[in-house]
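Enquirer: Here it is, the structure in full.
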Amino acid sequence: MTSTPMPAPSVKESVADAAHAPRDAGLQPGSLVSGVPAAAPGETMISIDNISKWYGDFQVLTNCTTKVAKGEVVVVCGPSGSGKSTLIKCVNALEPFQKGQITVAGTKVVDKTTNLPKLRSRVGMVFQHFELFPHLSITENLTIAQRKVLGRGAEDAKKRGLDLLARVGLSAQADKFPGQLSGGQQQRVAVARALAMNPVVMLFDEPTSALDPEMVGEVLDVMVELAKEGMTMMVVTHEMGFARKVADRVIFMDRGEIVEDAKKEDFFGSPRSERAQTFLSKILQH
Amino acid sequence: MNYNWNWRIFFDASPEGNGTYLDMLLSGLMWTIATALCSWFIAFFLGSLIGVLRTLPSKTANGIGTAYVELFRNVPLLVQMFLWYFVLPEVVPTQLGDAIKQMPDAPFYTAVVCLGFFTASRVAEQVRAGIQSLPRGQGMAGTAMGFTVYQTYRYVLLPNAYRIILPPMTSEFLNNLKNTSVALTIGLLELTARARSMQEFSFQVFEAFTAATLLYVIINLVVVTAATYLERAVAIPGQR
């Protein structure tokens, strides 16, 4: 963790919301990631091996296989109902699956000896609807899991939490409650909350889908920054601009199958499957 | 109607020999309050536990919770009172049964347990409804951060669920308070029982029950006022 004093607020073009400008400083320079060594490319962080999942008779995932290397940013896209959210939730076992295996940072998800809460505490997750805890202040949201799960002292947890809050430009909101923040601000807090746990991997489940259009940028900025710092990320999103900018690979899913798993350039340049072509032509029309 | 109104009756000595009729009613009120508070203590904690059981992913836990709720809310309170007081001491081992029967203030303890178990079934349903009204993502967020099931309930789900169900829980508390009057059937000298004995001693039936009614209304209004303050105290900034 770089222990440089808090830098002065930088002027970031994405913070367009002038009304919030004095209170909402936008993304701040400095490191978002700490405790995680810089990317050592090649090492596998998430390995998804041939997983299948059923809801009763209905198969939602069919033989999905992919790998995410350390420091890699993988965007998962596809039409709604294609199983992309389900797939990402299998990675930290929020959704059980009936067949196959997932390994995160060397730990098997399906294994009786695996301590799932411990595994999950090392995997940060950001949800579509933020899911901050409404009855806790922003500071408490940032510290509660550090204290109750990682056993950090109140002071340490608060320092780490406020540090990250400053980095996402929301220091002034520390004592507010989630209901008093805009959607974009809440999602930035949610990212900071996940990072406070020093995760080795970050999962994003449609992090900008529930946001007003003018707030999408501020959240994507934080994610871009995170990617630049070498965080391993798996991102379910429809933001193709983000995918083009920071993704290493793009996974395209349809009807529970991974239809295409390609380098960003190949995916956007010449998608092999017809379904991916159709999807891209529809989504990039506007 | 030939009735001799006598509002000063409250200050006449009661035939029990230790105070006025008013003292008699107030002692009944104290038993009512004591029974209501003690049984609510059981109802709240047992009810919360049962309510949580009904929301866990385990089928066994759901089954236990459902069985409890259906058993205790589908048998009339009066019947439950009789079962606890007259039947239970006979069906347990003789020694234990005798000990129960010889317990001082047996009607009080029986009423507390009976009301506690009965109201718990109703509290359980409120707690379940409260938890199920929360967005599914809240529990997921807690789980994803590494909380155990217990921690997810303790730090995320229950604090929010209790806030949501505070108004209906106030109603349950009031019901529990008023249900204490059923305990007069097993000999608990609570407010209604005292009003009835006052009427029997003095024949001033209207005065006796007017006083009892007023006392019930006042105590309930105190509860409602307290609940309003509690709602304000735990309100979350930025919500509604």
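The values are calculated or read from the model by the stated rules, or taken from the named source; none is laboratory data. No experiment lies behind these values; they were computed from the predicted model shown. Cβ atoms come from the backbone with ideal geometry, glycine included; neighbour counts cover every protein chain shown.
Enquirer: For segment B:206-234, name all the residues that are over 18 Å from the mean Cα position of the chain (by Cα) and touching a residue at least 12 places away in the same chain (Cβ under 8 Å).
Expert: Matches in segment B:206-234: B:Phe206, B:Glu207, B:Ala208, B:Phe209, B:Ala211, B:Ala212, B:Leu230, B:Glu231, B:Val234.
Enquirer: Taking the stated definitions as given, is A:Glu155 under 20 Å from B:Gly139 (Cβ atoms) and either within 13 Å of chain B (Cβ to nearest Cβ) or acidic (Asp, Glu) (or both)?
Expert: No: the conditions fail for A:Glu155.
Enquirer: Which one of these is farther than 23 Å from A:Glu229 by Cβ and of a type outside the set (Gly, Ala, Ser): A:Lys159, A:Lys148?
Expert: A:Lys148
Enquirer: Quick one: how many residues across segment A:102-152 are without any contact (Cβ under 8 Å) to a residue 12 or more places away in the chain, part of a helix (DSSP H, G or I) and away from chain B (no Cβ under 13 Å)?
Expert: 0
Enquirer: While we're on this one: Is it the case, given these coordinates, that B:Asn74 is modelled with pLDDT under 95 and either surrounded by fewer than 20 Cβ atoms within 10 Å (Cβ to Cβ) or of a type in the set (S, T, N, Q) (or both)?
Expert: Criteria not met by B:Asn74.
Enquirer: Working carefully through the options B:Thr55, B:Thr35, find the one that is under 28 Å from B:Thr213 (Cα atoms) and touching a residue at least 40 places away in the same chain (Cβ under 8 Å).
Expert: B:Thr35
Enquirer: Also, I was wondering about something else. Considering only segment B:163-191, how many residues are free of Cβ contacts under 8 Å to residues at least 40 places away in the same chain and assigned to a helix (DSSP H, G or I)?
Expert: Of segment B:163-191, the ones free of Cβ contacts under 8 Å to residues at least 40 places away in the same chain are B:164-165, B:171, B:184.
Filter again for assigned to a helix (DSSP H, G or I), leaving B:164, B:171, B:184.
Total satisfying the criteria: 3.
Enquirer: I'm checking my understanding of the structure. Among residues of segment B:118-140 that are aliphatic (A, V, I, L, M) and touching a residue at least 40 places away in the same chain (Cβ under 8 Å), which one is farthest from the other protein chains (Cβ to nearest Cβ)?
Expert: Result: B:Ala120.
Enquirer: Of the residues B:Tyr3, B:Tyr85, which is part of a helix (DSSP H, G or I), farther than 24 Å from B:Val223 by Cβ and either touching a residue at least 24 places away in the same chain (Cβ under 8 Å) or touching a Phe, Trp or Tyr at 6+ places or on another chain (Cβ under 6 Å) (or both)?
Expert: None of the other options fit; the residue is B:Tyr85.
Enquirer: Can I ask one more? Output the residues belonging to segment A:172-195 that are within 12 Å of another protein chain (Cβ to nearest Cβ) and charged (D, E, K, R).
Expert: A:Asp175, A:Lys176, A:Arg193
Enquirer: Here's something else I'd like to know. Kindly indicate whether any position in segment B:111-120 is modelled with pLDDT of 95 or more and surrounded by fewer than 21 Cβ atoms within 10 Å (Cβ to Cβ).
Expert: First, the residues of segment B:111-120 that are modelled with pLDDT of 95 or more: B:111-120.
Among the residues that remain, those that are also surrounded by fewer than 21 Cβ atoms within 10 Å (Cβ to Cβ) are: B:113, B:117.
Checking segment B:111-120: at least one residue is modelled with pLDDT of 95 or more and surrounded by fewer than 21 Cβ atoms within 10 Å (Cβ to Cβ).
Enquirer: Which of the residues spanning segment A:240-269 are among the charged types (D, E, K, R) and under 16 Å from the mean Cα position of the chain (by Cα)?
Expert: A:Lys245, A:Asp248, A:Arg249
Enquirer: Anything in segment A:71-113 that is among the polar types (S, T, N, Q), farther than 18 Å from A:Ala194 by Cα and touching a helix residue (DSSP H, G or I) at 6+ places or on another chain (Cβ under 8 Å)? List them, or say none.
Expert: The answer is A:Thr107, and nothing else.
Enquirer: Right, here's the next one. Got a number for residues in segment A:266-282 being surrounded by 13 or more Cβ atoms within 10 Å (Cβ to Cβ) and either free of Cβ contacts under 8 Å to residues at least 12 places away in the same chain or of a type in the set (A, V, I, L, M, F, W, C) (or both)?
Expert: Going through segment A:266-282 one residue at a time, the tally reaches 8.
Enquirer: Hey, another quick one. Taking segment B:176-195 as the search range and keeping residues that are surrounded by fewer than 17 Cβ atoms within 10 Å (Cβ to Cβ) and not β-branched (Val, Ile, Thr), which one is farthest from B:Val52 (Cα to Cα)?
Expert: B:Gly187
Enquirer: Does segment B:41-49 contain at least one residue that is touching a residue at least 40 places away in the same chain (Cβ under 8 Å), assigned to a helix (DSSP H, G or I), touching a Leu at 6+ places or on another chain (Cβ under 9 Å) and within 30 Å of B:Phe203 (Cα to Cα)?
Expert: no
Enquirer: Next question. Would a scan of segment B:37-57 turn up a residue that is surrounded by fewer than 16 Cβ atoms within 10 Å (Cβ to Cβ), over 16 Å from the mean Cα position of the chain (by Cα) and modelled with pLDDT under 95?
Expert: yes
Enquirer: Name every residue in segment A:189-233 that is under 25 Å from A:Asp156 (Cα atoms) and without any contact (Cβ under 8 Å) to a residue 40 or more places away in the chain, in order of residue number.
Expert: A:Met223
Enquirer: Among the residues of segment B:203-218, what is the count of those that are crowded, with 18+ Cβ neighbours inside 10 Å and assigned to a helix (DSSP H, G or I)?
Expert: The total comes to 6.
Enquirer: Let me ask something additional. Take the residues in segment B:141-154 that are surrounded by 21 or more Cβ atoms within 10 Å (Cβ to Cβ) and at the interface with chain A (Cβ under 7 Å from one of its Cβ atoms), then tell me which one is nearest to B:Glu231 (Cα to Cα).
Expert: Per the stated criteria, the residue is B:Ala141.
Enquirer: Looking at (1) more than 11 Å from chain B (Cβ to nearest Cβ); (2) at pLDDT 95 or above; (3) in a loop (DSSP other than H, G, I, E, B), find the lone condition where A:Gly169 falls short.
Expert: Just one mismatch for A:Gly169, condition (2).
Enquirer: Can you tell me which residues in segment B:103-157 are on the phi > 0 side of the Ramachandran plot and in contact with a Ser or Thr (Cβ under 8 Å, 6 or more places away or on another chain)?
Expert: If the condition is that a residue be on the phi > 0 side of the Ramachandran plot and in contact with a Ser or Thr (Cβ under 8 Å, 6 or more places away or on another chain), then B:Gly146 is the only one that fits.
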